[in-house]
């Protein structure tokens, strides 16, 4: 595995690989790898001739009160994991490399963002699509891999690729979970013991909502109310949101008659956790 920190160096390497006709799979990350990241890299390894993983904690997607400086980092451990999975290139630029000066071009997204996490994080997804636009142009991959734990991000990336005609196939992989159902996240390390035992109710509450649809419930308000009540009864967390929307369009629905996402976010003392389920009008889960 080759570690590259320079944009010019990675671009030259990609140009050579493309000339050789190599199929390139790309896994963009912010590092601090867990099993979710590992599943993406393994799938990319299975699908492609060359695998590129990037690690870049992007300041543009953090709000003024968010945890950019505190975001967990461990480059040495991440590099070891990537090498064990047989990643070919690990691209790890610093902020001055990616943003040597203030951006003269503003990139923003108008749809799919004013709901779910985007509602409480104004500008977050503008930062996401800005860095991804740069990374897609730098790496020029054939396929790009994201986890469905952040399904809103996948929907936003889908819009970016489609609207700007990037010749890239988007691969969304299922959420990787702990044995008790908690979605894997870099922020789980911030959960206290008591909070960790309560956190499993995030996934359990969503499952209760999905099971109502399996049983024939079509009213999204009833589903959302069931999830909220369960979270309030079983946890001491602070509720950020529970929403049921069409997917990937992320539009409100008055009746469940299409593919939808049921998603929730909660705050514990030092961790904000998100989770979701995507299912059809009969409650069948999107695998």
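The values are calculated or read from the model by the stated rules, or taken from the named source; none is laboratory data. Everything numeric in this text was worked out from a predicted model, so none of it was measured. FYI the Cβ positions are ideal-geometry reconstructions off the backbone, even for glycines, and counts take in every protein chain you see.
Say whether the condition of being assigned to a helix (DSSP H, G or I) and crowded, with 16+ Cβ neighbours inside 10 Å is met by at least one residue in the range 259-267. Steps first, answer last, please.
Step one: list which residues in the range 259-267 are assigned to a helix (DSSP H, G or I), which gives none.
Looking for residues that are assigned to a helix (DSSP H, G or I) and crowded, with 16+ Cβ neighbours inside 10 Å, one finds none in the range 259-267, hence no.
Can you tell me which condition residue 86 does not meet? The list is (1) over 20 Å from the mean Cα position of the chain (by Cα); (2) over 27 Å from residue 190 (Cβ atoms); (3) buried (at least 17 other Cβ atoms within 10 Å of the Cβ), and all the others hold.
Looking at each condition in turn, residue 86 falls short on (3).
Quickly run through the range 25-40 and pick out the residues that are assigned to a helix (DSSP H, G or I) and crowded, with 24+ Cβ neighbours inside 10 Å. Full working, then the answer.
First pass over the range 25-40, keeping only residues assigned to a helix (DSSP H, G or I): 35-40.
Across the range 25-40, the qualifying residues are 37, 40.
Looking at (1) modelled with pLDDT under 95; (2) more than 20 Å from the chain's Cα centre (by Cα); (3) not in a loop (DSSP other than H, G, I, E, B), find the lone condition where residue 60 falls short.
Here residue 60 meets the rest and fails (2).
Here are the criteria: (1) touching a residue at least 24 places away in the same chain (Cβ under 8 Å); (2) in contact with a helix residue (DSSP H, G or I) (Cβ under 9 Å, 6 or more places away or on another chain). Tell me which single one residue 68 does not satisfy.
Of everything listed in (1) touching a residue at least 24 places away in the same chain (Cβ under 8 Å); (2) in contact with a helix residue (DSSP H, G or I) (Cβ under 9 Å, 6 or more places away or on another chain), residue 68 misses just condition (1).
Name the residues in the range 121-144 that are loosely packed, with under 13 Cβ neighbours inside 10 Å and within 20 Å of residue 68 (Cα to Cα), would you? Show your work before the answer.
Taking the range 121-144 as the starting set, the residues that turn out to be loosely packed, with under 13 Cβ neighbours inside 10 Å are 122, 137.
Residue satisfying the conditions is 122 alone.
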